[in-house]
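Visitor: So that we are looking at the same thing, I have put the structure below in structure tokens.
The values are calculated or read from the model by the stated rules, or taken from the named source; none is laboratory data. Computed from a predicted model, the values in this text were never measured in an experiment. Cβ sites come from the backbone with ideal geometry, for glycine too, and all protein chains shown count toward neighbours. In case anyone asks, the SASA skips ligands and DNA or RNA and just uses the protein heavy atoms, side chains included. Shrake-Rupley method; radii C 1.70, N 1.55, O 1.52, S 1.80 Å.
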Amino acid sequence: MISALNSNAQRLAAACALLAPLAAAAAPVAWLDQPATMPTPDTAAAAAPAAPCAQADLALTLGGQGAWHGQATQEVLLRNRSGVRCALSALPAVELQSTWGWQAALAQPADDGAAAVELAPNEVLAVLLGTPGACEATLGPDRTVVQRLRVLPPGGGMLAVEGAHVDTTCGPAAVLRADHHAARNARPAAGSTQALTAQVSTPAAVAGGAPFSYVVTLRNPTDQAVALSPCPGYEQVLNTHSGQQAAQMRLNCAGAGGSVPAHGEVQFEMRARAPDSSAQEAGVKLSWRLADGPSAGTVIPLR
């Protein structure tokens, strides 16, 4: 009997020994009370005007089709595929190949995005072409649809694409708007902090003006570990209508072992103080951002 008890005790001790490392691994990395300075853009480089985008700098593809403000639309995407910034008109010259030759799609005079924009490497200008969506001619059997487009970059050259669907049955095409945004479906390089994702876990509620702790989980979905060297800083901002608390701090990279493993995650303890709040406010907005990396945010209820 005593032998059986000893055997069970040994098994329990062995199980606890196996579970202990797992419990330790699940604990968040301790918060580091060390201020940091977030990197800022190179103002000298930003002030220098970019060269006009030329044919070799751009890739032309088609986006989605749909409707916008009563217009039938076709999206045209211009991506900067070069390694440097280049300048492009927000409403570039787009032409359609019809039975009468190449016809320019005129910009709407009321469009407020006509100023020139600069495209960083891998950024996109999404140009929305539109045509009147309804008229008496659509009741007939014949439709006039343009399938081939071309763009004339200000830096020279010509880009063409086929497979568009621009229905000009009810009138000529016009450039309705142009939106500047990050490249769609662009994948950050494996091993870089930009490949990480971030998630915040907060208390169920916080008190205005009171300190609290929360957890940021950095996940690495790639096949390559992400080195936290040099150790990046992070920025946290908390806002209510009555106040704001902002801080730039250093991540505890040493406590994390200096990296986020491939297909793994690391949890970091964070500390903050909620801004002052009024009785009418329901929550505090938390924004968290890793330097050259992901960001996350949430709204924490106030008690």
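Visitor: Which shape class applies to the range 148-303: rounded if a/c is under 1.5, otherwise prolate when a/b exceeds b/c and oblate if not, where a ≥ b ≥ c are the square roots of the Cα gyration tensor eigenvalues?
Guide: oblate
Visitor: Let me ask you something else. Could you rank THR138, THR197 by how accessible they are, 1.4 Å probe, largest area first?
Guide: THR197, THR138
Visitor: I would also like to ask the following. Each residue of the range 247-257 in turn: what ³J(HN,Hα) in whole Hz from Karplus with 6.51, -1.76, 1.60 and θ = phi - 60°, glycine and Pro shown as x?
Guide: Result, ordered by residue: 8, 10, 10, 8, 6, 7, 5, 5, x, 8, x Hz.
Visitor: Next question. How do THR99, THR298 rank by accessible surface area computed with a 1.4 Å probe, from largest to smallest?
Guide: Sorted by accessible area, descending: THR99, THR298.
Visitor: For the range 199-303, give the percent of accessible area contributed by carbon and sulfur heavy atoms, probe 1.4 Å, rounded to a whole number.
Guide: 46
Visitor: Would you kindly derive the ³J(HN,Hα) couplings of the range 190-201 from the backbone phi angles with the Karplus curve 6.51 cos²θ - 1.76 cosθ + 1.60 (θ = phi - 60°), listing them in order in whole Hz, with x for Gly and Pro?
Guide: Karplus values, whole Hz, x for Gly and Pro: 4, x, 9, 5, 5, 7, 7, 10, 10, 9, 10, 10.
Visitor: Here is a further query. Calculated FRET efficiency, ALA93 and SER295, Cβ-Cβ r, R0 25 Å, to nearest 0.05?
Guide: Efficiency computed from Cβ-Cβ geometry: 0.10.
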